[in-house]
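The values are calculated or read from the model by the stated rules, or taken from the named source; none is laboratory data. Since the structure is predicted, the reported quantities are computational estimates derived from the model, not experimental observations. Note: ideal-geometry Cβ built from the backbone for every residue, glycine included; neighbour counts use all protein chains shown. The protein model used for the area step is the full one, side chains on, heavy atoms only, and it has no ligands, DNA or RNA in it. Shrake-Rupley method; radii C 1.70, N 1.55, O 1.52, S 1.80 Å.
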Amino acid sequence: MTGGPSVGPDMTSALYVGLMSGTSLDGVDAVLADLSGARPVLLANAHFPFDARLQRELLALNASGANEIERAALAGNELAQRYADAVAAVLEKSNTRSSAVRAIGCHGQTVRHRPERGYTTQVGNAARLAELTGIRVVADFRSRDVAAGGQGAPLAPAFHAAVFALAAEDRVALNLGGIANLSFLPRQGNVTGFDSGPGNCLLDLWAARHLGRPHDEGGAWAAAGAVIPALLERMQREPYFASPPPKSTGRDLFNSDWLQGMLTGGEDAQAVQATLLELTCRSVADAVSRHCRDAQRIIVCGGGAKNMALMRRLAKLLAPAALEASDRHGIDPQLVEATAFAWLAQRALEGLPGNLPSVTGARGPRVLGAVYSN
């Protein structure tokens, strides 16, 4: 049968499933990837959106609350089922038996990220996922890097270097998820990377509040608004933006309370959306200017690649560097992160490091991930 429990994974297989549910909280992206060659070949993909109830619960778990340990455990159980459904979907689409898959690389859902306190927490119940699918699961990728003194994020730069770097050109891979992060891929020298600040998270939060929709489609609402200079200036004074790499962030900082603290009251809602879009673009452009000065090409992945207003403004701010979506380089922007965690799962099973100390600040390279075998 396709999908479902099996007698065990093929230890020689180069087929991996990658699962990613990110800070945007829009759902889980799944890919089935053949990693036998120099570049991944994507055989199938699926997106399973989260319903509003689950989104609210996951968002609430980003802050302390009543009975949060049990609530996080139950949310992890529910996520495991959603992840298993996504795995079954890509196996069915590709007519692949579960026994042919060597492992699932599951990022889980980040609910706390506090590397400065020595921890990062992703929920998703990887043990339950292994039971539901009958496939080995590699999860909890970030904790080992944090234990080694690193930020635990971003982890995608090693993968970005493997698939997007070019010896003849300095490049940046820009992931516009809930949080924006950069990978600088120089022709010579070490790959570097860090979270630049909010990507879509504040834009989506404000759109949900005032439009009743999960996001501002194409950035149209923001594009028709006028930036509020005083509000933008207050936001740009956030100390995170000026702090040097290595650094990482998340909803622990850029959340509803942070945004509310920037508002004086009475601002036009559409103008706030325009200002939030400008904040994302300016923080990215400033980060590129300071830390990736020689970049000639910016390759964009993540959900923000679909926000045409965001892409137009970034193109203007980042010129003369070329700005283009990652599908021009072989991977759909929405699938890059899921593919990265399939790749990281392969690295883990082969005993190879998945982090880059030049990115995270860890004391050295580390094999990442906890393995739940079948």
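Just a few scattered comments:
- Selection within the stretch 213-224 - surrounded by fewer than 22 Cβ atoms within 10 Å (Cβ to Cβ) and in a helix (DSSP H, G or I): E217, G218, A220, A223
- Some residue of the stretch 261-277 being closer than 20 Å to P40 by Cβ and at pLDDT 95 or above: no
- Subset of the stretch 317-331 [out of contact with any Ser or Thr (no Cβ under 7 Å at 6 or more places or on another chain) and not small (G, A, S)]: L317, L318, P320, L323, E324, D327, R328, H329
- Picking from residues in the stretch 282-320 that are more than 26 Å from W221 (Cα to Cα) and open to solvent by 40 Å² or more (accessible area, probe 1.4 Å), the one that is farthest from the chain's Cα centre (by Cα) is P320.
- At least 3 residues being under 21 Å from the mean Cα position of the chain (by Cα) and buried (at least 24 other Cβ atoms within 10 Å of the Cβ) is the threshold, and among the strands (runs of 3 or more DSSP E) wholly inside the stretch 94-212 those reaching it are 103-106, 109-114, 137-139, 171-176, 179-185, 192-198.
- With a requirement of 3 or more residues that are under 22 Å from E238 (Cβ atoms), the helices (runs of 4 or more DSSP H) lying completely within the stretch 282-372 that satisfy it span 308-318.
- A222, sole failed condition from (1) under 18 Å from A305 (Cα atoms); (2) under 22 Å from the mean Cα position of the chain (by Cα): (2)
- At least 1 residues being of a type in the set (A, V, I, L, M) and buried (at least 16 other Cβ atoms within 10 Å of the Cβ) is the threshold, and among the helices (runs of 4 or more DSSP H) wholly inside the stretch 229-276 those reaching it are 229-236, 256-262.
- Among the residues of the stretch 49-93, those that are of a type in the set (D, E, K, R), closer than 19 Å to S256 by Cβ and surrounded by 14 or more Cβ atoms within 10 Å (Cβ to Cβ) comprise E57, E68, R71.
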